[in-house]
Amino acid sequence: MKGNKKAWMNVIGAMVVLASVYGCVINSFTLFVVPISNERGIPREYVSLILTIMFLSYMVSSSLSGRVYEKVRLKTAVVVSAVLVPTFYFLLSFPLPLFLMYALSLFIGLLLPFISFTAFSILIRSWFPDNTGFATGIAFMGSGIGGMIWSVLLGRIIENRGYQAAYATAGLIMFSIAIIVAIFFIDDSKVVMEKRGKNQKFLKPQGLYKALVLSFLVGVTPLFVSQTMVPKALDSGLGGTYASALNASFMAGLCIMKVVMGRSYDKFGLKKTLSFGLISGFIAAVLTLFITRKELFVVYIFFLSTNGTIQSMAPSLLAKKITDENNYTTTNGLCVAVNYLGCAISPLILNVVYERVGSYNPVLLTDLGLIIITTLILILPSKLRQSKTL
């Protein structure tokens with residue numbers, strides 16, 4: 001009973017930290033793009049680089065996380081990140097030159113894996129070896145809960161006080177919540193990290209290349225649609241309050257669908273669950289192409305939310321599918337890393353295209369093709385060697 005209580009305390013702790021930190025830093029970023037661009041006269045493509053840099057540094061940090069955890073306890077990494085990420089985020093509230101905002105986003109991205117999906121997927125897999133999907137879904141829904149709450153709160157602050165006040169408020173709240181939860185809720189006593197000597201090499205598990213390609217593509221495709229939602233609502237003249245409420249609805253949908261998709265993974269397996277998410281993404285992209293009126297935005301929230309869940313959940317579940325405990329940390333780090341490479345290029349491509357042609361439609365049409373390719377890679381069998389030394 002005591003062990004079961006500790007297990008669920010970790011799930012709750014991960015959910016709260018994801019809500020307070022990741023839900024703000026990443027899931028609410030689109031709220032800042034237009035205000036920063038308008039107030040400071042910076043093209044959207046340059047503003048979007050803030051998120052791109054976060055994703056790229058997240059990618060690098062995730063790929064090295066296995067080595068980090070060989071030397072540092074998981075809980076220690078979580079606590080340190082719980083202090084530094086909110087601090088750096090708070091500093092964005094100052095009227096800094098754009099290159100300093102980029103520098104802060106770099107540090108935030110490097111630390112974020114140790115207080116979000118990369119760390120918590122290892123933690124939850126250790127406590128829930130049999131019901132990993134369900135427990136992961138509950139924990140990861142925190143990012144959606146946080147995004148929902150932060151979207152409303154930050155949307156109002158930005159509209160009434162400006163984006164700098166929003167950064168300051170968020171940084172203080174994040175710090176207050178994350179540090180307490182990281183210290184008192186997170187228990188890494190069951191986490192087993194792989195230990196390799198200097199001459200030992202990582203053995204590539206069967207299906208690694210396919211898992212990496214899929215992780216990359218499910219990083220690219222959901223963000224093309226979700227990153228379009230708020231800017232398109234603002235461009236349609238629907239107002240900041242409606243745009244933030246729309247983003248909050250999307251995050252609420254993510255909360256629900258992460259649990260549903262996690263349970264689907266446990267019951268139906270990886271292939272059927274990811275296929276459902278990809279089909280939902282295809283429908284969401286089609287609907288987004290034709291959205292111009294307020295009532296049409298809410299129609300596709302279900303499909304957008306279902307598709308959005310696979311961006312954060314798929315890499316860890318793919319890693320669990322193809323490897324054992326001894327190589328899971330490194331495999332998971334690699335899958336998450338390439339996933340965030342996809343996340344990094346999505347907003348940049350989206351806003352570069354927008355600045356050039358004044359429309360998001362070319363990217364949405366490309367997204368439809370990429371979803372079809374991703375689905376084919378997922379469902380078609382592949383002949384891979386059992387293992388290979390890296």
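The values are calculated or read from the model by the stated rules, or taken from the named source; none is laboratory data. Quick caveat: nothing in here was measured; it's all calculated off a predicted structure. With ideal geometry, Cβ positions are generated from the backbone for all residues, glycine too; neighbour counts draw on all protein chains shown. Side chains included, ligands, DNA and RNA excluded: accessible areas come from the protein's heavy atoms. Shrake-Rupley method; radii C 1.70, N 1.55, O 1.52, S 1.80 Å.
Details
- Per-pair calculated FRET efficiency, R0 = 45 Å: ARG40 and PHE290 via Cβ, rounded to 0.05: 0.90
- Remark: spin-label model distance PHE268-VAL83 equals 4.5 nm, labels positioned 7 Å along the Cα→Cβ axis.
- Directionally averaged projected area (convex hull, Cα atoms, region 5-63), nm²: 5.0
- Gyration tensor over the Cα atoms of region 101-259: the corresponding equivalent ellipsoid has semi-axes (square roots of 5 times the eigenvalues, largest first) of 33, 20, 17 Å.
- Gaussian network model of the chain, Cα within-10 Å springs - most flexible of PHE88, PHE117, PHE282: PHE88
- Karplus-derived 3J(HN,Hα), 6.51/-1.76/1.60, for each residue of region 137-145, Hz, glycine and proline x: x, 5, 5, 6, 5, x, 5, x, 4
- Under DSSP loop assignment and at most 16 Cβ neighbours within 10 Å, longest trypsin sites (Lys or Arg not before Pro)-free interval of the chain: 74-189
- For ILE345, the shell of other residues with beta-carbons less than 13 Å away shows a net charge of -2, using +1 for Lys and Arg and -1 for Asp and Glu.
- Between ASP235 and GLU70, the simple label model (points 7 Å from Cα in the Cβ direction) yields a spacing of 4.7 nm.
- Here the 3J(HN,Hα) profile of region 249-266, calculated from phi with Karplus coefficients 6.51, -1.76 and 1.60 at θ = phi - 60°, is 5, 4, 5, 4, x, 4, 4, 5, 6, 5, 5, 4, 5, x, 5, 4, 4, 5 Hz, Gly and Pro shown as x.
- FRET efficiency estimate (nearest 0.05) - Cβ-Cβ, LEU172 to TRP8, R0 22 angstrom: 0.15
- Take the chain with all the other protein chains still there, run a 1.4 Å probe, and you get 40 Å² of accessible area per residue.
- Phi-based couplings in Hz for region 180-186 (Karplus 6.51, -1.76, 1.60; Gly and Pro marked x): 5, 5, 4, 7, 9, 10, 7
- Contour excess over end-to-end distance, with Cα ends at LEU100 and ILE373 and 0.36 nm allotted per residue: 94.5 nm
- Among [x] 23.3; [y] 43.1; [z] 17.9, the entry that matches mean projected area of the Cα convex hull in nm² as calculated here: [z]
- 16 Å tail of the calculated P(r), region 144-190, as % of Cα pairs: 50
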